[in-house]
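A short worksheet on the structure shown next.
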Amino acid sequence: MKRVISGIILLLLAIFVIFIPNTIPLTCLVGLLAVWGLSELYKNVSLMGCKPIWWLGIATTIVFLVGSVFSHTYDLIMPELTEKIIPEINNTFSFYGFSYAIPNGDEMDVISLIPAIITLLIFLGFLVEFFRGERHPVKNIGATLFGTIYIGWLLSHIASLRIIDGTTTFFGHEIALGSALVMLMVVCTCATDTFAFFIGKRFGKHKISPKSSPNKTWEGSIGGWCACVIFGCLWGYAASLPMIHVIVISVICGVLSQLGDLTESSIKREIGIKDFSNVIPGHGGVLDRIDSMLFTAPFIYYYVITFMSMLN
């Protein structure tokens, strides 16, 4: 019951934030989840003797999030979005003659400096490791960067998905295309997780991976996959999304969602823990809740921008 109540509260909060016209609340929520999940990972890998550089991981995660929202790729994929958002960035962040936006004349382009910033953070990480009493650069920096890529980079695609330009209709009401796509990800992921859990507990007999995830069964997996396809298509129909794309996304997300869950289970098994924390009643930690989205969000984003002309 705690799992169900917590899930309903989280879903209602997600729906509220996703459909706010401004993209900033969702971006901030994604940033909060990324930093919290990263902190849970760093805290638990410390049990294995690793000493992640927390400030490096958090800083790199923030850079990933900012870069995912204000990447140059939008200028290539969606020029209309660039024309709309760049003036807002200039007006907001212009300071002493420097403009934090796409280059124009003598303006400074901080976006193009993001790779250099990440490189600098890596160099600083090695510098910190050099001055430590016990140096384990492979283990410590490896854990640090793994966390930023696994959580920070993958989760940042939710913000990228939300900022995609365009509109669609939900039973006659116009909504942002980005909101509809993020909601499609949430519906597919939650349907897979929920039905895989309950069907697996009721009918599950054949284990998928007894060592890394003994509670997951093939019966639950198939039930979760079917639920993903059904509920994904229902949302796609309600949001007036092209059904051929919705079907493809739902079918693949039903697999990726469970792969993300199994991946996190393998990490927990290696560390020797059941959950990353107990902050969410019935679910465990933040990372226990968002593990499936780490795989589904990037897939949907790259699928959408690859077939943008078809969606339009």
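The values are calculated or read from the model by the stated rules, or taken from the named source; none is laboratory data. These numbers come from a predicted model, not from an experiment. Positions of Cβ are generated from backbone atoms using ideal geometry, with glycine treated the same way; all protein chains shown enter the neighbour counts.
Of all residues in the stretch 2-30 being without any contact (Cβ under 8 Å) to a residue 40 or more places away in the chain and not in a helix (DSSP H, G or I), which is surrounded by the most Cβ atoms within 10 Å (Cβ to Cβ)?
At the first step, the residues of the stretch 2-30 found to be without any contact (Cβ under 8 Å) to a residue 40 or more places away in the chain are 8-9, 12-13, 16-17, 20, 22, 24-25, 28-29.
Now restrict to residues that are not in a helix (DSSP H, G or I): 20, 22.
Working: Ile20: 13, Asn22: 7.
Step by step, filter the stretch 2-30, then rank; the result is Ile20.
Mind checking which residues of the stretch 272-300 are in contact with an Asp or Glu (Cβ under 7 Å, 6 or more places away or on another chain), more than 9 Å from Gly37 (Cβ to Cβ) and surrounded by 23 or more Cβ atoms within 10 Å (Cβ to Cβ)?
The one that is in contact with an Asp or Glu (Cβ under 7 Å, 6 or more places away or on another chain), more than 9 Å from Gly37 (Cβ to Cβ) and surrounded by 23 or more Cβ atoms within 10 Å (Cβ to Cβ): Ser292.
Quick check, is Phe195 without any contact (Cβ under 8 Å) to a residue 40 or more places away in the chain, in the same structural domain as Gly31 (by TED's automatic domain parsing) and of a type outside the set (Lys, Arg)?
On the way: without any contact (Cβ under 8 Å) to a residue 40 or more places away in the chain: yes; in the same structural domain as Gly31 (by TED's automatic domain parsing): no; of a type outside the set (Lys, Arg): yes.
No, not satisfied.
For the stretch 31-54, name all the residues that are among the charged types (D, E, K, R), in a helix (DSSP H, G or I) and surrounded by fewer than 20 Cβ atoms within 10 Å (Cβ to Cβ). Show your work before the answer.
The first filter runs over the stretch 31-54 and keeps only residues among the charged types (D, E, K, R), leaving 40, 43, 51.
Going one step further and asking which of them are in a helix (DSSP H, G or I), we end up with 40, 43.
Answer for the stretch 31-54, where residues must be among the charged types (D, E, K, R), in a helix (DSSP H, G or I) and surrounded by fewer than 20 Cβ atoms within 10 Å (Cβ to Cβ): just Lys43.
Condition first: acidic (Asp, Glu), under 19 Å from Leu181 (Cα atoms) and surrounded by 15 or more Cβ atoms within 10 Å (Cβ to Cβ). Can you find one or more residues in the stretch 243-264 that meet it?
Narrowing the stretch 243-264 to residues acidic (Asp, Glu): 261, 264.
Now restrict to residues that are under 19 Å from Leu181 (Cα atoms): none.
No, the stretch 243-264 contains no residue that is acidic (Asp, Glu), under 19 Å from Leu181 (Cα atoms) and surrounded by 15 or more Cβ atoms within 10 Å (Cβ to Cβ).
Checking the condition at pLDDT 85 or above and assigned by TED's automatic domain parsing to the domain that holds Met1, which residue from Gly204, Gly284, Gly260 passes? Break it down into steps so the answer makes sense when it comes.
Working: Gly204 fails: at pLDDT 85 or above; Gly284 fails: at pLDDT 85 or above.
Selected residue: Gly260, the only one of Gly204, Gly284, Gly260 that is at pLDDT 85 or above and assigned by TED's automatic domain parsing to the domain that holds Met1.
Give the residues of the stretch 154-166 that are out of contact with any Ser or Thr (no Cβ under 8 Å at 6 or more places or on another chain) and at pLDDT below 90, sorted by residue number.
Hits for the stretch 154-166 are Ile164, Asp165, Gly166.
For the subset of the stretch 166-191 comprising residues that are more than 30 Å from Leu259 (Cβ to Cβ) and touching a residue at least 24 places away in the same chain (Cβ under 8 Å), which member is surrounded by the most Cβ atoms within 10 Å (Cβ to Cβ)? Full working, then the answer.
Step one: filter the stretch 166-191 for residues more than 30 Å from Leu259 (Cβ to Cβ), giving 167, 169, 171-174.
From what is left, the residues that are touching a residue at least 24 places away in the same chain (Cβ under 8 Å) are 169, 171.
On the way: Thr169: 13, Phe171: 8.
If we take residues in the stretch 166-191 being more than 30 Å from Leu259 (Cβ to Cβ) and touching a residue at least 24 places away in the same chain (Cβ under 8 Å), then Thr169 is surrounded by the most Cβ atoms within 10 Å (Cβ to Cβ).
Taking the residues in the stretch 101-134 that are of a type in the set (D, E, K, R) and surrounded by 12 or more Cβ atoms within 10 Å (Cβ to Cβ) as candidates, determine which candidate is modelled with the highest pLDDT. Outline the logic, then answer.
Here is the first cut: in the stretch 101-134, the residues of a type in the set (D, E, K, R) are 106-107, 109, 129, 132, 134.
In the following step, the residues that additionally are surrounded by 12 or more Cβ atoms within 10 Å (Cβ to Cβ) were identified as 107, 109, 129, 132.
Details: Glu107: 37, Asp109: 42, Glu129: 82, Arg132: 76.
Applying the filter and picking the extreme gives Glu129.
Among the residues of the stretch 298-307, are any assigned by TED's automatic domain parsing to the domain that holds Met1, outside any loop (DSSP other than H, G, I, E, B), touching a Phe, Trp or Tyr at 6+ places or on another chain (Cβ under 8 Å) and within 15 Å of Val182 (Cα to Cα)? Working first, answer last.
First, the residues of the stretch 298-307 that are assigned by TED's automatic domain parsing to the domain that holds Met1: 298-307.
Restricting the remaining residues to those that are outside any loop (DSSP other than H, G, I, E, B) gives 298-306.
Narrowing the set further to residues that are touching a Phe, Trp or Tyr at 6+ places or on another chain (Cβ under 8 Å) leaves none.
The answer is no, given that none of the residues of the stretch 298-307 is assigned by TED's automatic domain parsing to the domain that holds Met1, outside any loop (DSSP other than H, G, I, E, B), touching a Phe, Trp or Tyr at 6+ places or on another chain (Cβ under 8 Å) and within 15 Å of Val182 (Cα to Cα).
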